Amino acid sequence: MLDYDFHCHSNISDGTLTPTELVQRAAGRGVKMLALTDHDDVDGLAEARTVAHELGMIFINGVEISVTWRSHTLHIVGLGIDPDYPPLVAGLQAVRSGRGARAQKMSDELAKVGVGGVLAGAYQYANNPNMIGRTHFARYLVESGHCKDVKSVFNRYLVKGKPGYVPHQWASLGDAIGWILGAGGVAVLAHPGRYMVGKHSMGKKTMQELLAEFVELGGQAVEVVTGSHTQEQYAEFARYAEQFNLLASCGSDFHGPNESYRDLGRLPDLPMICRPVWQALSVH
Ligand code: AMP
Ligand code: MN
Ligand code: MN
Ligand code: MN
């Protein structure tokens with residue numbers, strides 16, 4: 001059985017390991033087929049690919065694009081993309097460009113509730129300053145003693161309805177899928193279960209509408225097995241995949257040791273009814 005992982009992050013976005021360290025860790029855990037899927041940035045792919053090949057792994061170029069759909073923030077993973085495809089490069093650049101101003105606003109909003117001066121601290125955690133995001137704020141707020149762990153920072157300050165949450169307009173769903181398809185990739189709806197939990201989550205009807213629109217726009221796969229899904233959600237999204245004729249993907253969404261739901265690889269098998277996404281990937 002090939003061990004695979006089609007969703008993880010390096011310090012090009014909000015992971016803690018360099019692309020080299022990440023690939024080495026994956027290899028050490030037995031992963032044979034790996035996609036690096038940093039948020040809104042493809043700068044880690046060349047390094048990761050070189051190391052992956054040295055270690056005898058199959059490497060898939062990936063990215064995870066931030067999208068605003070209706071009132072929801074979604075993540076769309078692109079697998080098997082050409083990272084040099086100009087509309088993708090330009091699109092990602094545009095998505096990243098709002099992050100600096102958003103970070104400033106987050107810092108201002110946190111200051112209003114007595115958590116002052118966090119901007120510089122958050123940037124210390126952003127290896128790639130263009131990709132400053134909530135996770136970097138969270139790590140700084142843990143280190144400076146405001147909360148015990150990253151999860152608590154999100155719950156207390158950084159999710160919708162909390163004082164440090166700043167609404168943001170990301171890419172449109174159509175643009176994100178279009179860039180991925182144009183770059184020769186497969187578009188995957190990431191961790192759908194996460195959109196259905198919490199106060200501002202979507203219900204079943206909205207999830208069905210999202211899946212229908214995703215397919216209409218050329219989306220081909222959905223994550224069924226991901227670090228943040230429960231066993232019940234594996235089954236639930238396997239059924240959605242069948243209903244909407246989507247391929248099924250599988251990835252840890254690893255961000256770093258001691259911080260993620262799951263470590264790299266060794267994921268549970270996809271449910272039997274699933275057609276795995278690698279059927280649509282050409283491997284190099
Ligand atoms: P951003 O793109 O700056 O909005 O940051 C999104 C990232 O924050 C996600 O990719 C996760 O890594 C992290 N994240 C979002 N929600 C949570 C949460 N509830 N707990 C821990 N990490 C989270
Ligand atoms: Mn992340
Ligand atoms: Mn995500
Ligand atoms: Mn992710």
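The values are calculated or read from the model by the stated rules, or taken from the named source; none is laboratory data. Note that the structure is a prediction, hence the values are computed from the model and not measured. Cβ coordinates were reconstructed from backbone atoms using ideal geometry, including for glycine residues, and neighbour counts include every protein chain displayed. All accessible areas refer to the heavy atoms of the entire protein, side chains included, with ligands and DNA or RNA removed. Shrake-Rupley method; radii C 1.70, N 1.55, O 1.52, S 1.80 Å.
A few notes on this one:
- Of the listed requirements (1) touching a Gly at 6+ places or on another chain (Cβ under 6 Å); (2) surrounded by fewer than 17 Cβ atoms within 10 Å (Cβ to Cβ), Tyr157 misses just one: (2).
- If you go through the stretch 214-233 and keep only what is among the β-branched types (Val, Ile, Thr) and in a helix (DSSP H, G or I), you end up with just Val215.
- Contact map, the stretch 246-257: residues that are over 14 Å from Asp14 (Cβ atoms) paired with residues that are basic (Lys, Arg) and more than 16 Å from ligand 4 (Cβ to nearest atom), Cβ distance under 7 Å, separation 6+ or inter-chain. Pairs shown: Leu247/Arg275; Ala248/Arg275.
- Test for Arg29: is it away from ligand 4 (no atom under 15 Å from the Cβ), open to solvent by 10 Å² or more (accessible area, probe 1.4 Å), in contact (Cβ under 8 Å) with a residue 40 or more places away in the chain and at negative phi: yes
- Restricting attention to the stretch 258-284 and to residues that are open to solvent by less than 40 Å² (accessible area, probe 1.4 Å) and without any contact (Cβ under 8 Å) to a residue 60 or more places away in the chain, the residue that is farthest from Glu223 (Cα to Cα) turns out to be Ser260.
- Cross-chain or 6+ apart pairs with Cβ under 7 Å, the stretch 166-190 first and on the phi < 0 side of the Ramachandran plot, then part of a helix (DSSP H, G or I) and modelled with pLDDT under 95: Val186/Ala280
For (1) farther than 20 Å from Trp278 by Cα; (2) open to solvent by 30 Å² or more (accessible area, probe 1.4 Å), each residue gets a yes or a no:
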{"position": "Gly182", "(1), (2)": "no, yes"}
{"position": "Lys199", "(1), (2)": "yes, yes"}
{"position": "Ala212", "(1), (2)": "yes, yes"}
{"position": "Thr230", "(1), (2)": "yes, yes"}
{"position": "Phe237", "(1), (2)": "no, no"}
{"position": "Gln243", "(1), (2)": "no, yes"}
{"position": "Ala248", "(1), (2)": "no, no"}
